[in-house]
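Encoded as C-alpha coordinates, the structure appears first; notes follow it.
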Amino acid sequence: MMNIKNNVLETIGNTPIIRLNKIAKDFPCNVVAKVDYFNPGNSVKDRMALKMVEVAEQEGRLKPGGTIIEGTSGNTGMGLALAACVKGYKCIFVTTDKQSKEKADILKAVGAEVIVCPTNVLPEDPKSYYSVAKRLSQEIPNACYMNQYDNLANRQAHYESTGPEIWEQTDGQITHLVCTAGTGGTITGTAMFLKEKNPNIQVWAIDVYGSLLTHYYQTGKIDMSYVHPYISEGFGEDFVPKNYDMRYIDHFEQVTDKEGAIMARRIAKEEGLFCGYSAGSCFQGLVQLKNRLKKNDLVVCIFHDHGSRYVGKIYNDQWMMERGFLEVKTCKDIINGRIHKKLITVAPQQTVAAVVALMEKYDIEHIPVMADNQMKGAVSEGGLFIKMFSNPEIKAQTIATIIEPSYPVVDIATPIEKLGALINKTNGAVLVTDEKGDYHIITKYDILQSLGR
Ligand code: PMP
(Lines give C-alpha, C1' and ligand atoms only; values in the text may rest on other atoms or scores of the structure.)
Protein backbone atom coordinates (compact mmCIF):
# COMPACT_ATOMS: atom_id res chain seq x y z
CA MET A 1 0.00 0.00 0.00
CA MET A 2 1.48 3.33 -1.04
CA ASN A 3 1.13 6.26 1.32
CA ILE A 4 0.86 9.22 -1.03
CA LYS A 5 -1.25 12.33 -0.52
CA ASN A 6 -3.24 13.38 -3.57
CA ASN A 7 -2.50 17.05 -3.00
CA VAL A 8 -1.21 19.44 -0.35
CA LEU A 9 -4.69 20.00 1.10
CA GLU A 10 -4.72 16.46 2.41
CA THR A 11 -1.83 17.36 4.73
CA ILE A 12 -3.88 19.92 6.65
CA GLY A 13 -4.56 19.08 10.30
CA ASN A 14 -3.38 16.25 12.55
CA THR A 15 -0.68 18.51 13.95
CA PRO A 16 1.33 17.36 16.98
CA ILE A 17 0.79 18.31 20.59
CA ILE A 18 4.17 18.92 22.20
CA ARG A 19 4.99 19.21 25.90
CA LEU A 20 6.43 22.55 26.99
CA ASN A 21 9.35 21.68 29.22
CA LYS A 22 11.79 24.41 30.26
CA ILE A 23 9.48 27.32 29.67
CA ALA A 24 6.71 25.79 31.79
CA LYS A 25 8.90 24.35 34.55
CA ASP A 26 7.42 26.68 37.20
CA PHE A 27 3.87 25.50 36.49
CA PRO A 28 2.18 23.14 38.94
CA CYS A 29 0.82 21.00 36.08
CA ASN A 30 1.53 19.73 32.57
CA VAL A 31 1.43 22.38 29.86
CA VAL A 32 1.43 21.34 26.21
CA ALA A 33 1.07 23.12 22.90
CA LYS A 34 -0.83 22.16 19.80
CA VAL A 35 1.75 23.38 17.34
CA ASP A 36 -0.21 24.28 14.27
CA TYR A 37 2.69 25.61 12.26
CA PHE A 38 3.00 21.99 11.14
CA ASN A 39 0.19 22.69 8.70
CA PRO A 40 1.32 23.07 5.04
CA GLY A 41 0.69 26.82 5.06
CA ASN A 42 2.50 27.06 8.42
CA SER A 43 -0.56 28.06 10.40
CA VAL A 44 -3.78 26.89 12.03
CA LYS A 45 -5.67 28.95 9.48
CA ASP A 46 -5.22 26.34 6.74
CA ARG A 47 -8.00 24.43 8.45
CA MET A 48 -10.63 27.15 8.26
CA ALA A 49 -9.48 28.43 4.84
CA LEU A 50 -10.14 25.07 3.24
CA LYS A 51 -13.45 24.77 5.07
CA MET A 52 -14.59 28.24 3.90
CA VAL A 53 -13.77 27.29 0.30
CA GLU A 54 -15.60 23.97 0.57
CA VAL A 55 -18.70 25.58 2.10
CA ALA A 56 -18.69 28.36 -0.55
CA GLU A 57 -18.53 25.67 -3.25
CA GLN A 58 -21.39 23.72 -1.66
CA GLU A 59 -23.50 26.87 -1.38
CA GLY A 60 -22.76 27.77 -5.02
CA ARG A 61 -21.09 31.07 -4.05
CA LEU A 62 -17.76 29.93 -5.48
CA LYS A 63 -17.92 28.62 -9.02
CA PRO A 64 -15.22 27.08 -11.26
CA GLY A 65 -12.65 29.69 -12.33
CA GLY A 66 -13.90 32.12 -9.67
CA THR A 67 -11.86 34.63 -7.65
CA ILE A 68 -11.45 34.28 -3.90
CA ILE A 69 -11.31 37.64 -2.12
CA GLU A 70 -10.37 38.08 1.49
CA GLY A 71 -9.13 40.63 3.99
CA THR A 72 -6.27 38.73 5.56
CA SER A 73 -3.15 39.37 7.58
CA GLY A 74 -1.48 36.53 5.80
CA ASN A 75 -2.21 33.21 7.43
CA THR A 76 -5.77 32.86 6.17
CA GLY A 77 -4.52 34.05 2.80
CA MET A 78 -1.92 31.31 2.73
CA GLY A 79 -4.55 28.64 3.44
CA LEU A 80 -6.90 30.09 0.83
CA ALA A 81 -4.07 30.33 -1.71
CA LEU A 82 -3.18 26.65 -1.22
CA ALA A 83 -6.83 25.70 -1.72
CA ALA A 84 -7.00 27.97 -4.77
CA CYS A 85 -3.87 26.39 -6.32
CA VAL A 86 -5.26 22.89 -6.00
CA LYS A 87 -8.83 23.77 -6.96
CA GLY A 88 -8.05 26.27 -9.74
CA TYR A 89 -9.29 29.61 -8.34
CA LYS A 90 -7.72 33.09 -8.44
CA CYS A 91 -7.00 34.93 -5.17
CA ILE A 92 -6.96 38.62 -4.27
CA PHE A 93 -5.98 39.46 -0.70
CA VAL A 94 -6.35 42.79 1.01
CA THR A 95 -4.09 43.33 3.99
CA THR A 96 -2.79 46.18 6.18
CA ASP A 97 0.52 48.00 6.25
CA LYS A 98 1.08 46.72 9.82
CA GLN A 99 1.64 43.17 8.65
CA SER A 100 5.14 41.94 7.91
CA LYS A 101 6.30 42.33 4.32
CA GLU A 102 7.36 38.70 4.38
CA LYS A 103 3.74 37.68 4.80
CA ALA A 104 2.66 39.54 1.64
CA ASP A 105 5.65 38.16 -0.32
CA ILE A 106 4.78 34.63 0.71
CA LEU A 107 1.20 35.08 -0.51
CA LYS A 108 2.46 36.39 -3.85
CA ALA A 109 4.77 33.37 -4.09
CA VAL A 110 1.74 31.07 -4.10
CA GLY A 111 0.05 33.01 -6.86
CA ALA A 112 -2.10 35.54 -5.00
CA GLU A 113 -2.50 39.25 -5.70
CA VAL A 114 -1.99 41.35 -2.54
CA ILE A 115 -3.40 44.83 -1.90
CA VAL A 116 -2.03 46.72 1.13
CA CYS A 117 -4.31 49.18 3.02
CA PRO A 118 -3.64 51.56 5.96
CA THR A 119 -4.01 50.08 9.48
CA ASN A 120 -5.13 53.04 11.52
CA VAL A 121 -8.55 53.67 10.00
CA LEU A 122 -11.92 52.46 11.31
CA PRO A 123 -13.42 49.32 9.73
CA GLU A 124 -16.19 51.36 8.07
CA ASP A 125 -13.68 53.75 6.43
CA PRO A 126 -13.64 53.10 2.64
CA LYS A 127 -9.82 52.78 2.82
CA SER A 128 -9.95 50.05 5.48
CA TYR A 129 -9.07 46.58 4.39
CA TYR A 130 -12.54 45.36 5.34
CA SER A 131 -14.16 47.93 3.03
CA VAL A 132 -11.74 47.38 0.13
CA ALA A 133 -12.23 43.61 0.27
CA LYS A 134 -16.02 44.03 0.24
CA ARG A 135 -15.94 46.51 -2.66
CA LEU A 136 -13.68 44.31 -4.82
CA SER A 137 -15.94 41.32 -4.29
CA GLN A 138 -18.87 43.35 -5.63
CA GLU A 139 -16.94 44.75 -8.61
CA ILE A 140 -15.12 41.63 -9.84
CA PRO A 141 -17.33 39.15 -11.73
CA ASN A 142 -17.56 35.64 -10.28
CA ALA A 143 -15.84 36.77 -7.08
CA CYS A 144 -16.48 35.32 -3.66
CA TYR A 145 -15.69 37.27 -0.49
CA MET A 146 -14.81 34.79 2.23
CA ASN A 147 -15.14 37.12 5.23
CA GLN A 148 -13.38 35.00 7.83
CA TYR A 149 -14.75 37.25 10.59
CA ASP A 150 -18.42 36.54 10.12
CA ASN A 151 -18.28 33.33 8.05
CA LEU A 152 -19.22 30.56 10.49
CA ALA A 153 -17.39 27.97 8.37
CA ASN A 154 -14.35 29.40 10.20
CA ARG A 155 -15.32 28.13 13.65
CA GLN A 156 -16.94 25.04 12.11
CA ALA A 157 -13.50 23.95 10.82
CA HIS A 158 -12.16 23.99 14.37
CA TYR A 159 -15.26 22.25 15.70
CA GLU A 160 -14.64 19.49 13.16
CA SER A 161 -10.84 19.17 13.33
CA THR A 162 -8.92 21.12 16.02
CA GLY A 163 -11.33 20.20 18.83
CA PRO A 164 -11.55 16.44 18.09
CA GLU A 165 -7.77 16.21 17.56
CA ILE A 166 -7.05 17.81 20.96
CA TRP A 167 -9.62 15.56 22.64
CA GLU A 168 -8.11 12.42 21.14
CA GLN A 169 -4.47 13.43 21.56
CA THR A 170 -4.97 14.17 25.26
CA ASP A 171 -7.12 11.09 25.73
CA GLY A 172 -9.87 13.37 27.02
CA GLN A 173 -7.63 14.61 29.87
CA ILE A 174 -7.48 18.27 28.80
CA THR A 175 -8.65 20.64 31.57
CA HIS A 176 -7.77 24.03 30.05
CA LEU A 177 -7.65 25.44 26.52
CA VAL A 178 -5.61 28.62 26.04
CA CYS A 179 -5.77 30.40 22.70
CA THR A 180 -5.23 33.87 21.26
CA ALA A 181 -8.42 35.29 19.84
CA GLY A 182 -8.85 37.30 16.64
CA THR A 183 -11.79 36.32 14.45
CA GLY A 184 -12.73 34.01 17.34
CA GLY A 185 -12.94 31.03 15.01
CA THR A 186 -10.14 28.97 16.54
CA ILE A 187 -11.14 29.43 20.16
CA THR A 188 -14.91 29.22 19.69
CA GLY A 189 -14.97 26.23 17.34
CA THR A 190 -12.43 24.27 19.39
CA ALA A 191 -14.19 25.14 22.66
CA MET A 192 -17.61 24.16 21.27
CA PHE A 193 -16.37 20.66 20.58
CA LEU A 194 -14.38 20.26 23.81
CA LYS A 195 -17.16 21.57 26.06
CA GLU A 196 -19.61 19.22 24.41
CA LYS A 197 -17.29 16.41 25.53
CA ASN A 198 -16.58 17.90 28.97
CA PRO A 199 -18.31 21.13 30.04
CA ASN A 200 -15.80 21.59 32.89
CA ILE A 201 -12.94 22.37 30.52
CA GLN A 202 -11.86 25.96 31.09
CA VAL A 203 -11.39 28.07 27.98
CA TRP A 204 -9.12 31.11 28.31
CA ALA A 205 -8.90 33.64 25.49
CA ILE A 206 -5.73 35.68 25.17
CA ASP A 207 -6.15 39.22 23.87
CA VAL A 208 -3.83 42.20 23.43
CA TYR A 209 -4.01 45.71 24.95
CA GLY A 210 -5.52 47.93 22.27
CA SER A 211 -8.21 45.38 21.31
CA LEU A 212 -11.77 45.84 22.52
CA LEU A 213 -12.54 42.13 22.93
CA THR A 214 -11.68 41.82 26.63
CA HIS A 215 -13.79 44.80 27.66
CA TYR A 216 -16.63 43.56 25.44
CA TYR A 217 -16.43 40.14 27.07
CA GLN A 218 -16.52 41.65 30.55
CA THR A 219 -19.32 44.20 29.98
CA GLY A 220 -21.12 43.26 26.76
CA LYS A 221 -20.42 46.81 25.55
CA ILE A 222 -18.48 48.01 22.52
CA ASP A 223 -16.27 50.79 23.85
CA MET A 224 -13.94 52.28 21.27
CA SER A 225 -11.97 54.10 23.96
CA TYR A 226 -10.24 50.78 24.60
CA VAL A 227 -9.07 50.61 20.99
CA HIS A 228 -5.61 51.83 20.09
CA PRO A 229 -2.98 50.66 17.61
CA TYR A 230 -0.92 47.73 18.78
CA ILE A 231 2.09 45.90 17.40
CA SER A 232 1.11 42.26 18.04
CA GLU A 233 -0.10 40.43 14.93
CA GLY A 234 -2.96 38.09 14.15
CA PHE A 235 -5.21 38.53 17.19
CA GLY A 236 -7.21 41.17 19.04
CA GLU A 237 -9.93 43.10 17.19
CA ASP A 238 -11.54 46.51 16.99
CA PHE A 239 -14.99 44.97 16.50
CA VAL A 240 -16.67 41.70 17.53
CA PRO A 241 -16.73 39.16 14.67
CA LYS A 242 -19.73 36.83 14.38
CA ASN A 243 -17.54 33.76 14.92
CA TYR A 244 -17.55 34.49 18.66
CA ASP A 245 -19.90 32.76 20.99
CA MET A 246 -18.76 34.17 24.31
CA ARG A 247 -20.70 31.50 26.23
CA TYR A 248 -17.89 29.06 25.43
CA ILE A 249 -15.16 31.33 26.82
CA ASP A 250 -14.49 31.46 30.57
CA HIS A 251 -11.94 34.25 30.77
CA PHE A 252 -10.25 36.92 28.64
CA GLU A 253 -6.68 37.92 29.48
CA GLN A 254 -4.78 40.81 27.89
CA VAL A 255 -1.04 40.89 27.27
CA THR A 256 1.31 43.65 26.19
CA ASP A 257 3.06 43.77 22.83
CA LYS A 258 6.41 43.65 24.60
CA GLU A 259 5.77 40.64 26.80
CA GLY A 260 4.27 38.64 23.92
CA ALA A 261 7.28 39.33 21.73
CA ILE A 262 9.81 38.47 24.43
CA MET A 263 7.96 35.26 25.24
CA ALA A 264 7.91 34.16 21.58
CA ARG A 265 11.70 34.51 21.54
CA ARG A 266 11.97 32.46 24.72
CA ILE A 267 9.77 29.68 23.30
CA ALA A 268 12.04 29.49 20.24
CA LYS A 269 15.23 29.44 22.33
CA GLU A 270 14.11 27.22 25.18
CA GLU A 271 11.81 24.74 23.45
CA GLY A 272 13.14 24.84 19.89
CA LEU A 273 9.66 25.75 18.74
CA PHE A 274 10.11 28.58 16.24
CA CYS A 275 6.63 30.07 16.55
CA GLY A 276 4.97 33.32 15.57
CA TYR A 277 4.24 36.37 17.71
CA SER A 278 0.82 35.20 18.92
CA ALA A 279 2.24 31.96 20.34
CA GLY A 280 4.39 34.11 22.62
CA SER A 281 1.35 36.16 23.61
CA CYS A 282 -0.66 32.99 24.20
CA PHE A 283 1.90 31.58 26.59
CA GLN A 284 2.46 34.97 28.25
CA GLY A 285 -1.28 35.17 28.94
CA LEU A 286 -1.12 31.74 30.51
CA VAL A 287 1.83 32.78 32.69
CA GLN A 288 -0.33 35.64 34.00
CA LEU A 289 -2.99 33.09 34.99
CA LYS A 290 -0.63 30.47 36.40
CA ASN A 291 -1.87 30.70 39.98
CA ARG A 292 -5.32 29.47 38.91
CA LEU A 293 -3.88 26.06 37.96
CA LYS A 294 -3.64 22.90 40.03
CA LYS A 295 -1.42 19.83 40.06
CA ASN A 296 -3.53 17.50 37.94
CA ASP A 297 -4.52 20.02 35.29
CA LEU A 298 -3.56 19.54 31.66
CA VAL A 299 -3.30 22.83 29.80
CA VAL A 300 -3.34 22.90 26.00
CA CYS A 301 -2.13 26.11 24.33
CA ILE A 302 -2.70 26.60 20.63
CA PHE A 303 0.35 27.98 18.83
CA HIS A 304 -1.05 29.45 15.63
CA ASP A 305 1.84 29.98 13.25
CA HIS A 306 5.54 29.78 12.41
CA GLY A 307 8.34 32.19 13.29
CA SER A 308 9.65 32.50 9.74
CA ARG A 309 7.01 35.16 9.09
CA TYR A 310 8.50 37.35 11.81
CA VAL A 311 12.25 37.21 11.11
CA GLY A 312 12.28 40.92 10.26
CA LYS A 313 10.29 41.69 13.41
CA ILE A 314 10.32 39.95 16.78
CA TYR A 315 13.32 37.82 15.78
CA ASN A 316 15.32 40.90 14.77
CA ASP A 317 17.21 42.56 17.66
CA GLN A 318 17.24 45.97 16.01
CA TRP A 319 13.43 45.90 15.53
CA MET A 320 12.99 44.83 19.16
CA MET A 321 15.27 47.60 20.44
CA GLU A 322 13.61 50.30 18.37
CA ARG A 323 10.31 49.46 20.09
CA GLY A 324 11.82 49.30 23.55
CA PHE A 325 11.24 45.53 23.74
CA LEU A 326 14.91 44.75 24.15
CA GLU A 327 17.33 46.71 26.28
CA VAL A 328 19.51 48.90 24.07
CA LYS A 329 23.15 48.75 25.03
CA THR A 330 24.82 52.02 24.22
CA CYS A 331 28.32 53.44 24.45
CA LYS A 332 27.25 54.87 27.81
CA ASP A 333 26.81 51.35 29.20
CA ILE A 334 30.42 50.56 28.25
CA ILE A 335 32.06 53.67 29.65
CA ASN A 336 29.79 54.09 32.69
CA GLY A 337 32.25 52.48 35.08
CA ARG A 338 35.09 54.75 34.03
CA ILE A 339 33.33 58.00 33.20
CA HIS A 340 35.53 59.95 35.64
CA LYS A 341 38.78 58.47 34.36
CA LYS A 342 40.76 60.80 32.17
CA LEU A 343 41.46 59.64 28.63
CA ILE A 344 45.13 58.77 28.02
CA THR A 345 46.36 60.79 25.04
CA VAL A 346 49.64 61.79 23.46
CA ALA A 347 50.69 65.06 21.85
CA PRO A 348 52.12 65.13 18.29
CA GLN A 349 55.53 66.33 19.51
CA GLN A 350 56.03 63.38 21.93
CA THR A 351 58.51 60.66 21.01
CA VAL A 352 57.71 57.12 19.97
CA ALA A 353 59.59 55.90 23.07
CA ALA A 354 57.23 57.92 25.31
CA VAL A 355 54.23 56.31 23.62
CA VAL A 356 55.66 52.84 24.17
CA ALA A 357 56.15 53.70 27.85
CA LEU A 358 52.54 54.87 28.15
CA MET A 359 51.24 51.71 26.51
CA GLU A 360 53.25 49.64 28.94
CA LYS A 361 52.28 51.63 32.01
CA TYR A 362 48.51 51.58 31.36
CA ASP A 363 48.38 48.27 29.45
CA ILE A 364 46.60 49.87 26.48
CA GLU A 365 46.84 49.29 22.72
CA HIS A 366 45.20 52.40 21.29
CA ILE A 367 46.02 56.02 22.07
CA PRO A 368 44.53 59.09 20.37
CA VAL A 369 46.93 61.86 19.41
CA MET A 370 45.48 65.15 20.67
CA ALA A 371 46.41 68.82 20.40
CA ASP A 372 44.15 71.66 21.73
CA ASN A 373 41.46 69.10 22.59
CA GLN A 374 41.34 68.14 18.90
CA MET A 375 42.13 64.66 17.62
CA LYS A 376 45.06 64.77 15.19
CA GLY A 377 45.37 61.05 14.66
CA ALA A 378 46.02 57.86 16.62
CA VAL A 379 48.72 55.37 17.48
CA SER A 380 48.15 51.66 17.87
CA GLU A 381 50.31 48.90 19.29
CA GLY A 382 49.86 46.93 16.04
CA GLY A 383 51.06 49.83 13.86
CA LEU A 384 53.92 50.63 16.20
CA PHE A 385 55.07 47.02 16.19
CA ILE A 386 55.35 46.83 12.41
CA LYS A 387 57.17 50.18 12.10
CA MET A 388 59.59 49.66 15.00
CA PHE A 389 60.37 46.15 13.83
CA SER A 390 61.54 47.39 10.44
CA ASN A 391 63.30 50.47 11.88
CA PRO A 392 64.14 50.45 15.62
CA GLU A 393 65.68 53.92 15.22
CA ILE A 394 62.28 55.61 15.10
CA LYS A 395 62.14 55.31 18.89
CA ALA A 396 63.78 58.71 19.25
CA GLN A 397 61.62 60.39 16.60
CA THR A 398 58.31 62.15 17.24
CA ILE A 399 55.16 60.18 16.71
CA ALA A 400 54.47 62.11 13.50
CA THR A 401 56.38 59.26 11.78
CA ILE A 402 53.99 56.58 13.02
CA ILE A 403 50.71 58.45 13.26
CA GLU A 404 47.56 56.71 11.96
CA PRO A 405 44.19 58.22 10.96
CA SER A 406 41.91 59.61 13.68
CA TYR A 407 39.23 57.40 15.23
CA PRO A 408 35.59 58.07 14.37
CA VAL A 409 33.87 60.15 17.08
CA VAL A 410 30.39 59.08 18.22
CA ASP A 411 27.82 60.30 20.72
CA ILE A 412 27.54 58.57 24.10
CA ALA A 413 23.99 57.37 23.28
CA THR A 414 25.09 55.45 20.17
CA PRO A 415 23.88 51.80 20.30
CA ILE A 416 26.72 49.29 20.50
CA GLU A 417 25.43 47.55 17.35
CA LYS A 418 26.38 50.63 15.34
CA LEU A 419 30.03 50.36 16.42
CA GLY A 420 30.43 47.11 14.50
CA ALA A 421 30.66 49.08 11.26
CA LEU A 422 33.15 51.62 12.68
CA ILE A 423 35.67 49.36 14.41
CA ASN A 424 37.51 47.12 11.97
CA LYS A 425 40.91 45.81 10.87
CA THR A 426 42.38 49.22 10.12
CA ASN A 427 40.64 51.10 12.91
CA GLY A 428 40.77 49.63 16.39
CA ALA A 429 38.70 52.12 18.38
CA VAL A 430 36.16 54.95 18.47
CA LEU A 431 36.12 58.07 20.61
CA VAL A 432 32.93 58.85 22.49
CA THR A 433 31.94 62.35 23.61
CA ASP A 434 29.96 62.53 26.83
CA GLU A 435 27.41 65.17 27.95
CA LYS A 436 30.23 67.43 29.21
CA GLY A 437 32.14 67.22 25.93
CA ASP A 438 34.86 64.99 27.41
CA TYR A 439 36.30 62.17 25.31
CA HIS A 440 36.38 58.45 26.15
CA ILE A 441 37.75 55.56 24.14
CA ILE A 442 36.02 52.30 23.19
CA THR A 443 38.10 49.51 21.71
CA LYS A 444 37.27 46.16 20.11
CA TYR A 445 38.10 44.52 23.42
CA ASP A 446 35.59 46.72 25.32
CA ILE A 447 32.83 45.73 22.90
CA LEU A 448 33.57 42.04 23.15
CA GLN A 449 33.53 42.33 26.93
CA SER A 450 30.22 44.17 26.99
CA LEU A 451 28.52 41.74 24.61
CA GLY A 452 29.67 38.82 26.70
CA ARG A 453 28.29 40.38 29.88
N1 PMP B 1 -2.55 34.19 15.72
C2 PMP B 1 -2.29 34.29 14.41
C3 PMP B 1 -0.86 34.33 13.98
C4 PMP B 1 -3.33 34.38 13.48
O5 PMP B 1 -3.06 34.48 12.17
C6 PMP B 1 -4.67 34.37 13.95
C7 PMP B 1 -5.78 34.51 12.95
N8 PMP B 1 -6.12 35.85 12.69
C9 PMP B 1 -4.91 34.27 15.34
C10 PMP B 1 -3.81 34.17 16.18
C11 PMP B 1 -6.30 34.29 15.93
O12 PMP B 1 -7.09 33.21 15.50
P13 PMP B 1 -8.63 33.39 15.22
O14 PMP B 1 -8.77 34.39 14.11
O15 PMP B 1 -9.14 32.06 14.84
O16 PMP B 1 -9.27 33.92 16.46
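Data for the structure
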item	result
Backbone HN-Hα couplings from phi across the stretch 23-32 [Karplus 6.51/-1.76/1.60, Hz, Gly and Pro as x]	5, 10, 5, 8, 7, x, 9, 6, 10, 10
Built amide H within the under 5 Å cut-off of Lys329, gap 5+	Ile416
Cα gyration tensor shape of the stretch 1-123, rounded if a/c is under 1.5, else prolate or oblate by comparing a/b with b/c	oblate
Computed magnitude of the charge dipole of the chain (debye, nearest 20; Cβ of K, R +1, Cβ of D, E -1)	400
Contour minus Cα-Cα distance for Lys98 and Gln397 (0.36 nm per residue)	101.4 nm
In Å², nearest 10: area of Lys90 left accessible to a 1.4 Å probe	120
Within the chain, helix-based [θ] at 222 nm, where runs of 4 or more DSSP H residues each add -39,500 (n - 2.57), nearest 500	-9500 deg cm²/dmol
Among 33-41, 55-63, 284-292, the order from most to least packed when residues are scored by Cβ within 10 Å on average	33-41, 284-292, 55-63
With every protein chain in place, the stretch 45-145: carbon and sulfur % of accessible area (1.4 Å)	55
Estimated FRET transfer efficiency (Glu113, Asn336; beta-carbon r; R0 41 Å; 0.05)	0.20
Heavy-atom accessible area per residue - the chain, 1.4 Å, Å²	47
Net +/- balance of residues flanking Met359 in space, Cβ distance below 10 Å, scoring K and R +1, D and E -1	-3
Length added when fully stretched, Arg323-Ile4, from 0.36 nm per residue minus Cα-Cα	110.2 nm
Equivalent ellipsoid semi-axes - Cα gyration tensor, the chain, angstrom	58, 25, 21
Overall form of the stretch 331-451 per C-alpha gyration tensor (a/c, 1.5; a/b vs b/c)	prolate
Förster radius 30 Å - calculated FRET efficiency between Thr11 and Asn142, Cβ distance, rounded to 0.05	0.60
3J(HN,Hα) from dihedral phi, the stretch 89-97, Karplus parametrisation 6.51/-1.76/1.60, rounded to Hz, x for glycine, proline	10, 8, 10, 10, 10, 10, 9, 10, 6
Efficiency of FRET from Cβ geometry, Glu168 and Asn424, R₀ 60 Å, rounded to 0.05	0.55
Net charge, Ala429 excluded, C-beta distance under 12 Å - Lys, Arg +1, Asp, Glu -1	-3
Net +/- balance of residues flanking Ile68 in space, Cβ distance below 10 Å, scoring K and R +1, D and E -1	+1
All lysines inside 24 Å of Lys63 as judged from Cα atoms, apart from same-chain residues fewer than 8 positions distant	Lys45, Lys51, Lys87, Lys90, Lys108, Lys134
Extension gain, Tyr445 back to Asn296 (0.36 nm per residue minus Cα-Cα distance, nm)	48.5 nm
Cα-Cα over 28 Å, subset of Lys342/Lys418; Lys34/Lys127; Lys376/Lys425; Lys387/Lys436	Lys34/Lys127; Lys387/Lys436
Zone of Asn200's modelled label, taken as backbone nitrogen in the stretch 273-297 under 18 Å from a point 7 Å along Cα→Cβ	292-297
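The values are calculated or read from the model by the stated rules, or taken from the named source; none is laboratory data. Not measured: the values here are computed from a predicted model. Using ideal geometry, Cβ is built from the backbone for each residue, glycine included, and neighbour counts are taken over all protein chains shown. With ligands, DNA and RNA removed, areas are computed over all heavy atoms of the protein, side chains included. Shrake-Rupley method; radii C 1.70, N 1.55, O 1.52, S 1.80 Å.
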